[in-house]
Amino acid sequence: MTPGGTVVRRAPGKLFVAGEYAVVDPGNPAILVAVDRYVTVTVTGLPGTGIEFTSDLGPRAVRLRWHGARLGTHDGPGAPAGLAHVVSATETVARLLTERGLPVPGFGLRVESGLHDNGTKYGLGSSGAVTVAAVAAVAAFCGLQLPPEDRFRLALLATAEIDPRASGGDLAASTWGGWIAYQAPDRAAVRDLARRHGVQEALRAPWPHFAARRLPAPAGLSLQVGWTGTPASTAALVSDLDRRTWRGSASHRTFVETTTDCVHACAAALEQGDRRSLLEQIRRARRELARLDDEVGLGIFTPPLTALCDAAEAAGGAAKPSGAGGGDCGIALLDAEAPRDIDQVRERWATAGVLPLPVRPAAEGNEE
Ligand SMILES: Nc1ncnc2c1ncn2[C@@H]1O[C@H](COP(=O)(O)OP(=O)(O)O)[C@@H](O)[C@H]1O
Ligand SMILES: C[C@@](O)(CCOP(=O)(O)OP(=O)(O)O)CC(=O)O
């Protein structure tokens with residue numbers, strides 16, 4: 001902490017490489033990569049016990065006060081629109097402080113997002129990055145020294161209070177950085193564990209199915225990212241899928257089996273530096289998502305995302321939507337030694353209305 005009592009923490013955004021949708025069920029693997037665009041959270045001491053939130057997405061600072069363990073306005077507990085993630089992150093760290101007998105001081109928390117373009121999200125995981133950065137900043141400001149897994153767990157507990165369907169893969173990438181293999185715990189179960197036995201206990205207890213480990217970056221391949229310019233609602237797409245009869249069907253089982261096999265093969269290809277196999281598996285992941293989309297008509301593939309994939313495959317690369325689809329970003333892996341092919345793909349993307357984003361994998365995640 002600086003002498004003025006200000007703490008600054010940042011967390012990178014992320015992209016899904018493979019495993020989206022399947023990863024929402026505990027234990028199913030996915031691969032993500034952190035990218036070098038960040039959400040930055042600054043916490044500064046303020047007199048009193050209230051917490052003042054300022055976001056670059058909101059018009060003005062919002063001062064909230066404590067109603068027991070929850071933050072809210074004078075009317076009662078509850079986060080104002082657009083502040084759900086920072087409020088939940090603050091409440092979760094505050095519960096840990098209280099359980100440890102430590103005071104929760106008053107402070108101001110300010111968010112600056114590098115994951116938006118004039119207020120429109122790129123789909124690079126701003127909700128995950130802001131949660132990870134807010135947990136780290138609030139914890140450090142309050143004098144807690146926490147290892148990465150504790151910060152990840154706090155961020156997941158904070159997220160599960162808002163939406164237990166979210167896998168937390170974004171939180172893992174934002175916490176650890178680099179290329180990550182991730183398996184989610186049962187979010188409702190860990191949320192209930194924290195509610196019943198406390199946050200401290202939820203940090204200590206085993207979390208069945210949860211796993212996160214770093215993978216090597218792909219050698220000789222360049223990660224290219226295209227933005228469709230259309231923001232998609234992940235929560236809406238995931239709950240849309242849940243409302244259909246697909247879950248529990250033979251098609252669901254096939255999707256999960258194929259996707260799991262594909263993610264394991266991608267991880268092995270990264271570990272063995274096998275470029276050709278990695279490209280084959282990314283193309284397979286695209287096909288499996290397309291099959292899901294054809295069967296349930298979810299709208300994962302929009303015309304710009306299909307054009308993004310076709311252009312990359314025509315140049316000998318592999319590509320797919322990243323995450324829930326329906327807009328946001330797609331990724332491509334292209335031969336790093338063929339800059340002219342990369343330029344050509346980017347030109348074809350521009351013609352299809354896809355903006356190439358100048359982002360690169362970020363080796364580092366969020367720091368304590
Ligand atoms: N700059 C920010 N300031 C405060 N909260 C933010 C900011 N960026 C994102 N969030 C949180 O994340 C939510 C948006 O999540 P989502 O639509 O899933 O975007 P993304 O796809 O980028 O994760 C917002 O409603 C808010 O709670
Ligand atoms: C469908 C999913 O598996 C992947 C969603 O990935 P996105 O990258 O679309 O997510 P946001 O960061 O919230 O925009 C749902 C999940 O894992 O929670």
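The values are calculated or read from the model by the stated rules, or taken from the named source; none is laboratory data. As the structure is a prediction and not an experimental result, all values here were calculated from the model. Side chains included, ligands, DNA and RNA excluded: accessible areas come from the protein's heavy atoms. Shrake-Rupley method; radii C 1.70, N 1.55, O 1.52, S 1.80 Å.
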| note | Note on the chain: C-alpha Rg/Rh, Kirkwood Rh, two decimals, gives 0.98
| field | Cα gyration tensor of the range 197-346 - equivalent ellipsoid semi-axes, whole Å, descending | value | 28, 22, 16
| task | With the full set of protein chains in place, find how many percent of the accessible area of the range 6-214 is carbon and sulfur; take the probe as 1.4 Å. | result | 50
| Volume per residue that the Cα convex hull of the range 39-197 spans, once the total is divided by residue count, Å³ | 116
| said: What are the equivalent ellipsoid semi-axes of the range 30-110, built from the alpha-carbon gyration tensor (square roots of five times its eigenvalues), in whole angstrom, biggest first? | reply: 23, 17, 13
| note | Amide H contacts under 5 Å for Ala362, restricted to residues at least 5 apart in sequence or on another chain and with H modeled in the peptide plane, are Ala34, Val35, Asp36, Gly178
| field | Under the Karplus curve 6.51 cos²θ - 1.76 cosθ + 1.60, θ = phi - 60°, whole-Hz ³J(HN,Hα) for the range 358-368, x wherever Gly or Pro sits | value | x, 10, 10, x, 9, 5, 9, x, 8, 9, 4
| query | Given a 1.4 Å probe, how much area per residue of the chain is accessible, in Å²? | reply | 41
| remark: Of all C-alpha pairs within the range 137-212, those more than 21 angstrom apart amount in percent to 22
